[in-house]
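Some notes on the structure that comes next.
Taken together, the values in this text are just the output of simple stated rules run on the coordinates, not laboratory data. Bear in mind the structure is a predicted one, so any value in this text is a computation, not a measurement. Note: ideal-geometry Cβ built from the backbone for every residue, glycine included; neighbour counts use all protein chains shown.
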Amino acid sequence: MEGIALLLFVLIFVTIISGIQVAFVLGGLSVLIGYFFVPDFFDLLPMRIMGTMQNVVLLAVPLFVFMGLMLEKSGLAQSMLNTMSRLFGNMRGGLAISVIIVGAMLAASTGIVGATVVTMGLISLPTMLESDYQKELATGAIVSSGTLGQIIPPSVVLVLLGSVLNVPVGDLFKAAIWPGVVLVVCYILYVLIISQLKPDIAPPLKISSDEKSVSAKQVFTAFLLPFLLILAVLGSIFAGIASPTEAAAVGAMGAILLTISQGKLSLSVLHDVMKGTTHLTSMVFLILLGATTFALVFKGLGGDHYLVEQIQSADLSGSMFLFLVMVIVFILGFFIDFIEIIFIVVPVVSPIFAAYGIDLIWIGILLALNLQTSFLTPPFGFSLFYLKGVSPPEVTTGHIYRGVIPFLGIQLVVLMLVLFWPELFGIGV
């Protein structure tokens with residue numbers, strides 16, 4: 001039976017990589033194997049599915065997606081970038097620094113990588129190219145800051161990881177703050193250093209004296225309003241006032257109010273946001289139902305116990321097993337989406353981490369950082385494709401690939417720091 005469980009695991013990955021829709025692969029193959037090899041499979045499956053769908057934490061997913069898509073329509077990203085450009089535009093690398101800071105703010109507001117990268121690409125890339133920025137630096141700053149939504153809370157990735165690892169989402173949010181802040185600071189330091197060493201790649205903006213002045217109202221609109229929204233969401237969770245699901249509802253309502261304050265809310269905008277939310281949420285939950293079926297079959301065949309026994313018999317230490325999982329997840333991130341990795345790989349390895357007595361909060365942060373890194377890794381990083389889709393013709397795929405390499409190196413360094421010295425980030429192991 002254990003061999004059949006491993007065969008199912010391999011078959012799923014082979015069919016996913018071949019291009020077949022993951023939700024149908026997960027559910028279809030699992031149902032077939034479960035029907036023939038798992039006793040009382042169809043008696044157990046409805047209870048398992050209903051148990052998953054009754055998980056209140058997962059309600060945060062559509063609410064955070066709604067919040068992110070609504071903020072994308074609000075026009076605040078354009079306002080933030082304009083304000084930041086005036087504040088930092090007269091220094092070398094100032095526009096790239098503005099892009100990173102705005103990307104971090106959007107990440108903390110939306111938590112959706114695709115929306116952030118596309119929005120920043122449409123708004124900032126033409127301006128950077130007109131200002132004679134090197135294409136590599138411009139694209140690297142955009143894709144790296146756009147993927148911060150993977151780690152900076154509130155993050156959909158952290159919500160899903162909390163559900164699968166069975167750890168409090170609020171604790172994951174708290175643990176993710178410092179790694180996210182360190183990434184932003186390192187990105188900014190890199191831009192400052194490279195723009196001083198190579199002045200031609202990031203020249204100052206040509207801004208008139210009238211354009212340099214920034215009013216208090218502009219700063220308030222551009223930064224304080226999104227900051228208040230972030231504070232309302234995360235503050236209510238950290239203070240114990242609201243659960244992540246309740247805080248997500250606060251964020252969704254706050255995003256509507258911010259869009260109204262910008263005069264951008266209309267029936268067409270509301271329709272587009274609701275349609276996008278339904279599409280993304282349906283995709284996530286369809287994969288989740290397939291993953292739930294897979295987990296039931298895999299455990300019913302004894303696959304989880306078999307893996308634990310094999311790893312223990314191989315005399316692998318907890319650290320070696322963790323390193324092995326990190327490498328596998330990193331490689332898989334080249335080929336399949338983070339949602340699939342969370343729902344397929346994490347349920348299989350989490351009992352083994354628990355058997356080793358490893359802190360699952362720490363594991364969640366490492367996995368989030370690892371999945372964020374895979375978004376940036378050529379040739380199949382999803383963020384690279386997002387940016388290429390909205391880039392002008394003169395920006396080639398090669399420019400994007402070369403531009404992301406330094407930021408990818410920074411990402412790997414921070415991942416290693418969290419792996420070897422988690423206490424530096426306030427994460428208990």
### Message
If packing is taken as the average count of other Cβ atoms within 10 Å, what order do 95-101, 173-179 fall into, highest mean first?
### Response
95-101, 173-179
#### Entry: Overall dimensions of the stretch 32-115 as given by Cα atoms, namely Rg and Dmax in Å
22.4, 70
### Message
Once you place label points 7 Å from the Cα toward the Cβ at MET320 and ALA354, how far apart are they in nm?
### Response
2.5 nm
## Note on the structure
So PHE227 and VAL56, fully extended at 0.36 nm per residue minus their Cα-Cα distance, gain in nm 58.9 nm
### Message
Could you tell me what a quarter of the Cα convex hull surface of the chain works out to, in nm² with one decimal place?
### Response
21.3 nm²
## Note on the structure
Output for the stretch 242-347: chymotrypsin sites (Phe, Trp or Tyr not before Pro) sitting in coil per DSSP, at most 14 other Cβ within 10 Å, listed by number, reads PHE334, PHE335
### Query
Using the eigenvalues of the Cα gyration tensor, what equivalent ellipsoid semi-axes result for the stretch 318-429 when each is taken as the square root of five times the eigenvalue, whole Å, largest first?
30, 16, 10
### Message
Past 31 Å, Cα to Cα: identify those pairs from LYS174/LYS388; LYS73/LYS388; LYS135/LYS174, in the order given.
### Response
LYS174/LYS388; LYS135/LYS174
